[in-house]
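A.B. asks: Below you will find the structure I want to go over with you.
The values are calculated or read from the model by the stated rules, or taken from the named source; none is laboratory data. This one's a predicted model, so the numbers in the text were calculated from it and none came from an experiment. Here the Cβ positions follow ideal geometry from the backbone for every residue, glycine too, while neighbour counts run over all protein chains shown. Surface areas here come from the heavy atoms of the whole protein model, side chains and all, with no ligands, DNA or RNA. Shrake-Rupley method; radii C 1.70, N 1.55, O 1.52, S 1.80 Å.
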Amino acid sequence: MTGSPKNRNLLRALPSVDALLRTPEARLLREKVGIARLAELAREVTRDLRAKLQERAQEDSESTNGDHRREALILEAVRRLESACEQDAAEALRRVINGTGVILHTNLGRAPLSEAARLAVSEEAARYCTLEYDVETGRRGQRGARVEHLLAELTGAESALVVNNCAAAALLVLTVLSGGGTAIVSRGELVEIGGDFRVPEVMAQSGTRLLEVGTTNRTRLSDYERALDADTRLIMRVHTSNYRIVGFTSTPSLSDLARLAHEANLPLYEDAGSGALVDLSAYGLKGEPVIRESIREGADVVTFSGDKLLGGPQAGLIIGRAEIIARLRRHPLYRALRADKLAFSALQATLEIYRRAAFLEEIPVLHMLARTYEEIERRARRFLSRLRRQLKHESLRLEIVEGESAIGGGAAPTTHLSTALIALKHSSLSPDELDGHLRRTTPPVIARIAEDNVLLDLRTVALDEEDELLKAILSLPA
Ligand SMILES: *Cc1c(COP(=O)(O)O)cnc(C)c1O
């Protein structure tokens, strides 16, 4: 396409990629994104700008002189390059302020780590560390030995093993204990968790044939008993983490299942999902298995997640009989699924908090869970009065409304946590626009929208994040 003479003039005024890269602004950006990526973005920016000019040339009369035009175009190109770099950076994994009130927000990385766990990762594990080294003997040590001892101590199990996540734990247990045979599971427990963990699919992957017994809402001990045959390798109990069947329901107790399994010389495996290391029913938490209880009731092996209610890093924790754990550890799949040093170090610091019984103060997930409505309301009120004092315009309407927080992460779906929400409404921006502004602050603030309001729940905002949250709200357009 040759175009009109006017069009050609305009295109000649467009800065070249090289000229754009030589601007002082681009030199600064180069430090941040690297020359290769910056050059790629500069090519995109010039290409888009050229396309836009070609369009505009059809209608424009372009009365300005060439130098002016050149200058305006380079400014425009620089602005676009800066914004392209910003968009590039927005993809990065970074800290956000969770104002949603969902404590275990899977998209926001589930459990935030305790101060002790954060320090352990950055100061110990991120450097050379004793991952598989015994300083007493100067010889090779066992990866995660300390964490395994702590897990056994805190749950009353004989032994423990740590893998990458709970899905990996389930895969390993099923592969080793029931691969090539059948495992019996109640129809009411064939759950899907977080969209991609499905019990029947993990079973298939492990080479285990699934034998479903009972019905969705009722399964009796005799259903399991009748299903037993020479191919049965395992009885499995799955905690229905993210939903509850209520009404006309029944399911045998874990201890009844354990008795049946042991009479038939089979192991009983419980996938507890989130589970709780300590009984949290005093804080309103309902229906999550306490791991120690599962062991006491006779489960031979139990798996649960490190980053759900436990409040640690992503990990799959396996506890149970020493003989079973030893078999899991010897299997080649363990080598592929094992946890890394960062996870071990965060986990160790987290478990030591439980050992000191300081979990309610020091483990963020449990600290947030235990906050009462009155505490959150008082905090919200103090925050609002600070905000009102500093707000320079009247476009924001701010008030406190009653609502609910959620545990999330596929745990305790029927637990209700009442909370005091800060409701924001803007005189000219829609809730979606307001929400978008908050997401684009640094750090991004993640809120939720209900009806016409943007809602912020201080339950999931750490005290030391309040100043940043305040600044983000103050930065909203008038
Ligand atoms: C969450 C959950 C899993 C998956 O755990 P990840 O740690 O996310 O792999 C498996 N089983 C149950 C019952 C769960 O609740």
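A.B. asks: If you restrict to DSSP beta bridges whose two residues both lie in the stretch 190-319, what percentage is antiparallel, to the nearest 5? Let's see the in-between values first.
C.D. replies: On the way: 6 of 16 bridges.
The antiparallel fraction comes to roughly 40 percent.
A.B. asks: How much FRET efficiency would the formula 1/(1 + (r/R0)^6) give for residue 404 and residue 11, where r is the Cβ-Cβ distance and R0 is 56 Å, rounded to 0.05?
C.D. replies: Rounded to the nearest 0.05, the efficiency is 0.45.
A.B. asks: Sorted from largest to smallest, which semi-axis lengths in Å does the alpha carbon gyration tensor of the stretch 418-462 give for its equivalent ellipsoid, taking the root of 5 times each eigenvalue? Could you put the intermediate results ahead of the total?
C.D. replies: Working: eigenvalues 59, 42, 9 Å².
Equivalent ellipsoid semi-axes, largest first: 17, 15, 7 Å.
A.B. asks: Rounded to the nearest 10 degrees, what's the angle between the helix 254-263 long axis and the longest principal axis of the chain, both from Cα atoms, 0 to 90?
C.D. replies: The answer is roughly 50 degrees.
A.B. asks: Starting from the Cα of residue 308, draw a straight line to each of the lysines and keep only those under 18 Å, dropping any in the same chain fewer than 8 residues away.
C.D. replies: Straight-line reach from residue 308, under 18 Å: 286.
A.B. asks: Also: When you take every Cα atom in the chain, what is the radius of gyration, and what is Dmax, the widest Cα pair distance, in Å?
C.D. replies: Both quantities, over Cα of the chain: 28.7, 94 Å.
A.B. asks: Once label points are set 7 Å from the Cα along Cα→Cβ at both residue 358 and residue 212, what is their separation, rounded to one decimal in nm?
C.D. replies: Placing both labels 7 Å along Cα→Cβ, they lie 4.8 nm apart.
A.B. asks: Now for a different question. On the full set of protein chains, 1.4 Å probe, figure out the accessible area of residue 149 and give it in Å² to the nearest 10.
C.D. replies: 130
A.B. asks: Between 0 and 90 degrees, rounded to the nearest ten: what's the tilt of helix 35-59 against the longest Cα principal axis of the chain?
C.D. replies: 50
A.B. asks: Output ³J(HN,Hα) for the stretch 337-350: one whole-Hz value per residue in order, computed from phi by the Karplus curve 6.51 cos²θ - 1.76 cosθ + 1.60 with θ = phi - 60°, and x for Gly and Pro.
C.D. replies: Along the stretch 337-350, the couplings run 10, 4, 7, 9, 5, 5, 5, 4, 5, 5, 5, 4, 5, 5 Hz.
A.B. asks: Separate question: Pull up all non-local amide H partners of residue 404: gap of 5 or more, or a different chain, and H-to-H distance under 5 Å with H placed in the peptide plane.
C.D. replies: Close amide H contacts, sequence-distant or interchain: 419.
A.B. asks: Which value in Å is the Kirkwood Rh of the stretch 397-478 over different Cα pairs?
C.D. replies: 13.5
A.B. asks: Using DSSP loop states and a limit of at most 15 other Cβ atoms within 10 Å to flag trypsin sites (Lys or Arg not before Pro), what is the longest stretch of the chain containing no flagged site?
C.D. replies: 128-243
A.B. asks: Through the Karplus equation 6.51 cos²θ - 1.76 cosθ + 1.60, θ set to phi - 60°, convert the phi angles of the stretch 411-419 into ³J(HN,Hα) values in whole Hz; use x for Gly and Pro.
C.D. replies: 10, 6, x, 9, 7, 9, 10, 7, 8
A.B. asks: Keeping all protein chains in place, calculate the accessible area per residue for the chain (probe 1.4 angstrom), answer in Å².
C.D. replies: Details: 24100 Å² over 478 residues.
So the chain comes to 50 Å² accessible per residue, rounded to a whole number.
A.B. asks: Using a Förster distance of 30 Å, how high is the FRET efficiency between residue 204 and residue 246, based on the Cβ-Cβ distance and rounded to 0.05?
C.D. replies: Efficiency at R0 = 30 Å is approximately 0.50.
A.B. asks: Using alpha carbons only, how many degrees (0 to 90, rounded to 10) separate the axis of helix 66-90 from the longest principal axis of the chain?
C.D. replies: Orientation of helix 66-90: about 10 degrees from the principal axis.
A.B. asks: Here is a further query. Show me, for the stretch 315-332, the HN-Hα J-couplings you get by feeding each phi into the Karplus relation (A = 6.51, B = -1.76, C = 1.60, θ = phi - 60°), rounded to Hz, glycine and proline as x.
C.D. replies: Residue by residue, the stretch 315-332 yields 5, x, 9, 10, 10, x, 5, 4, 5, 5, 4, 5, 5, 4, 5, 6, 6, x Hz.
A.B. asks: Also: Roughly what % antiparallel, to the nearest 5, for the DSSP beta bridges in the chain?
C.D. replies: Restricted to the chain, the bridges split so that about 60 percent are antiparallel.
A.B. asks: Please give the residues of the stretch 410-438, grouped as numeric ranges, whose backbone N is less than 14 Å from a label point set 7 Å along the Cα-to-Cβ vector of residue 451.
C.D. replies: 421-425
A.B. asks: While we're on this one: Of the heavy-atom accessible surface of the chain (probe 1.4 angstrom), what whole percent is carbon and sulfur?
C.D. replies: 48
A.B. asks: Hey, with R₀ at 35 Å, roughly what FRET efficiency would residue 135 and residue 321 work out to, going by the Cβ-Cβ distance, to 0.05?
C.D. replies: Rounded to the nearest 0.05, the efficiency is 0.70.
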